[in-house]
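Visitor: Handing you this structure, nothing more for now.
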Amino acid sequence: MKVIDFMKIMNFTIEKVRVMMNLSVRNSCMGVANIMPAYVIFIREQTNDTEALKRYSSKAPAGLTGHPVKPLSMYETYEVIEGPEVEGAALLEFPSFEEAKAWYYSPAYQEALVHRLNGGVYRGMIIEGVRK
């Protein structure tokens, strides 16, 4: 029996075969998503307004409410091993890329975000982790 005939009998699509061969990182063979954590990284390059950062610090926790976030590091000890010096970094973990985006773009966090952006120069990104 040819592979293609077997696929037809089993009602497999090419995507299902890829998934079963572990080539897809987003979908399992039964259509259930594999959970891949996502990480939000903020790097503070320069502080411009400490009062604005204090306002951010007081408002940001409300933006976390109802979101599955796990702070992994919040401006703790660090060492720059490549690139220009920075003032600090924060690392947050979310169950998925979509959950991280939902938090970042939520109205509550956006209200706090204005103060962080007024308070300093930051770089921020969401990156997808490896499948768990």
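Rule-based calculations on the coordinates, nothing more; no lab input. No experiment lies behind these values; they were computed from the predicted model shown. Cβ sites come from the backbone with ideal geometry, for glycine too, and all protein chains shown count toward neighbours.
Visitor: Apply the a/c threshold of 1.5 to the C-alpha gyration tensor of the range 38-128 and tell me whether it is rounded, prolate or oblate.
Guide: Oblate shape, in that a/c is at least 1.5 and b/c is the bigger or equal ratio.
Visitor: If the only charges are +1 at each Lys and Arg Cβ and -1 at each Asp and Glu Cβ, what is the size of the charge dipole of the range 38-128 around the Cα centre, to the nearest 20 debye?
Guide: 380
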